[in-house]
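As structure tokens, the structure follows; a few thoughts come after it.
The values are calculated or read from the model by the stated rules, or taken from the named source; none is laboratory data. Bear in mind that the values here come from a model prediction, so they are computed numbers and not experimental data. We place every Cβ from the backbone using ideal geometry, glycine too, and count neighbours over all the protein chains shown.
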Amino acid sequence: MGTQQTIQSIRGMNDWDVSTSDRLHHIEQQAQSIFAQAGYQKIRLPVLEKTELFARAVGNHTDVVEKEMYSFSDRNDQSLSLRPEGTAGLVRAIIENGWWQQGQLLRYQYTGPMFRRERPQKGRYRQFAQFGAEVFGASNPIIDSEIIHLSYQWLEALGLKNHIQLHINTIGESADRQQYRQALIDYLNPRYDELDEDSQRRLHTNPLRILDSKIEHTQQLLQQAPQLQDFINEKSQTHFTQVLQHLDTLNIDYHLNPQLVRGLDYYNDTVFEWMSDKTGSQNTLCGGGRYDSLMAELGGKNCSAVGFAAGLERMDAFYQKFIQQTLEHHDSIYVICQASSLSSAALFVATQARKILPSIRVVCDVQLGSLKSQFKRADKSGAKIALILAQEEYAKHILILKTLRDTATQKNLLLTDMDTVLPTYFNSA
Ligand code: AMP
């Protein structure tokens with residue numbers, strides 16, 4: 001053993017093992033293909049941005065910016081931050097690169113790491129991956145519904161749709177919230193001493209966040225408080241009604257949740273979250289909404305926008321809880337050879353098999369040793385069939401094909417017949 005001390009990872013930043021990584025990949029792939037099919041193009045953006053971007057976009061008085069950002073001074077004393085979310089950077093990129101022009105509609109999707117210095121617990125990490133989708137240039141309520149519908153299809157594809165519920169609300173325009181904010185402050189000020197500490201702090205910085213406080217007494221105080229709904233302008237009301245009508249048509253159930261305001265400042269009108277009431281405190285899988293003024297606030301054009309983001313690890317926690325199935329790799333081939341002199345021939349055979357079946361995993365045994373130990377490894381790998389290179393047969397261009405699942409069968413296979421025979425073992429290939 002070495003004498004050096006080992007180095008530990010940073011709290012809240014995880015090394016995911018192979019099976020977790022497999023599930024995360026599966027979850028991510030489902031989203032990527034569902035959204036790609038609906039025209040959402042993939043985009044890659046930096047993880048590091050100027051701190052000012054998040055302060056302006058997400059809001060100085062939000063928890064995310066105030067307490068959770070990884071910010072540091074660069075060598076030239078510029079304050080930089082690891083991105084806590086993806087929307088601000090995307091809007092910055094669109095403005096900077098001139099990607100959006102009046103009259104255009106842009107649909108984007110992205111996946112990547114986000115960073116928030118939160119108290120780590122299951123489903124809440126300091127580095128986590130988000131899948132997000134955003135549409136620019138559409139004020140039509142059908143786009144709100146499209147994003148919700150696609151996120152629903154994703155949850156459905158993962159088998160989660162019966163375990164989650166859509167919470168939805170409208171928070172109107174900024175002017176509505178300004179008026180409501182004052183009414184809420186006027187109502188809560190005389191009750192200041194009864195508020196929990198977090199809510200006291202938020203009263204004059206971000207009072208709307210008090211609405212989704214988890215503290216019971218604060219919730220009791222709020223029961224008689226003015227309601228945001230009474231301050232929403234008519235245009236926003238109509239927009240919201242239309243979003244709900246589309247959801248009805250699409251057969252998506254929703255729960256109207258007047259407490260839902262979301263934690264980031266840039267939202268207006270529709271806000272939504274997919275939640276579960278069956279899991280503990282980290283019960284939100286994904287969230288999103290409209291942010292029609294963000295582009296202009298960051299110095300760009302006026303551009304309507306709507307989007308959503310989901311934490312992949314949070315999705316995985318749900319997936320593990322509700323879908324107990326493990327992702328197995330029965331759809332694979334294991335290549336075995338009888339003697340090390342056949343090793344390079346085995347690589348050739350594996351390459352041929354991969355070309356014939358591009359979506360099937362083909363693994364070569366490189367540890368070699370006895371046939372018995374190679375078969376053991378083949379079995380453990382979960383492969384559906386083994387291709388064996390035996391000296392005598394291979395000299396005649398013949399492989400031995402052995403099925404490893406169900407009932408084991410064995411037969412000879414001419415190298416030249418691989419392209420017709422192998423696909424018959426894999427229906428979906
Ligand atoms: P937000 O941007 O806060 O609305 O978060 C959107 C989604 O990202 C949440 O619904 C979670 O799925 C995920 N998420 C946010 N913060 C964390 C975190 N600290 N750890 C894991 N997932 C997170």
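General remarks:
- Number of residues in region 105-132 that are closer than 14 Å to Tyr40 by Cα and assigned to a loop (DSSP other than H, G, I, E, B): the value is 1.
- Taking the listed residues Leu264, Leu260, the one that is under 30 Å from Met69 (Cβ atoms), touching a residue at least 60 places away in the same chain (Cβ under 8 Å) and touching a His at 6+ places or on another chain (Cβ under 7 Å) is Leu260, with no other qualifying.
- When Gly172, Gly159 are checked against the criterion of being closer than 30 Å to Ser21 by Cα, of a type in the set (Gly, Ala, Ser) and not in a helix (DSSP H, G or I), Gly159 stands alone in meeting it.
- Unique residue being of a type in the set (Gly, Ala, Ser), over 29 Å from the mean Cα position of the chain (by Cα) and away from the ligand (no atom under 16 Å from the Cβ) when the list is Ser332, Ser340: Ser340
- Residue count, region 1-20 (criterion: modelled with pLDDT under 95 and either part of a helix (DSSP H, G or I) or surrounded by 12 or more Cβ atoms within 10 Å (Cβ to Cβ) (or both)): 3
- Single match in Ile148, Ile210 (criterion: free of Cβ contacts under 8 Å to residues at least 40 places away in the same chain and buried (at least 22 other Cβ atoms within 10 Å of the Cβ)): Ile210
- Among the residues making up region 403-414, a single one is surrounded by 16 or more Cβ atoms within 10 Å (Cβ to Cβ) and either modelled with pLDDT of 95 or more or among the polar types (S, T, N, Q) (or both): Leu413.
- Top-ranked residue of region 17-36 - restricted to ones that are closer than 19 Å to Tyr125 by Cα and without any contact (Cβ under 8 Å) to a residue 24 or more places away in the chain, ranked as farthest from the ligand (Cβ to nearest atom): Val18
- Residue match in region 35-48 (condition: of a type outside the set (A, V, I, L, M), at pLDDT 95 or above and surrounded by 19 or more Cβ atoms within 10 Å (Cβ to Cβ)): yes
- Summed over region 75-104, residues that are surrounded by 11 or more Cβ atoms within 10 Å (Cβ to Cβ) and not in a strand (DSSP E or B) total 18.
- Only listed residue being surrounded by fewer than 20 Cβ atoms within 10 Å (Cβ to Cβ), polar (S, T, N, Q), within 16 Å of the ligand (Cβ to nearest atom) and under 26 Å from Arg405 (Cα atoms), chosen from Gln320, Gln352: Gln320
- Those residues of region 39-59 which are more than 17 Å from the chain's Cα centre (by Cα) and under 25 Å from Leu160 (Cβ atoms), in sequence order: Gly39
- Here the helices (runs of 4 or more DSSP H) wholly within region 175-269 that include at least 2 residues being farther than 23 Å from Thr87 by Cβ and touching a helix residue (DSSP H, G or I) at 6+ places or on another chain (Cβ under 6 Å) are 216-222.
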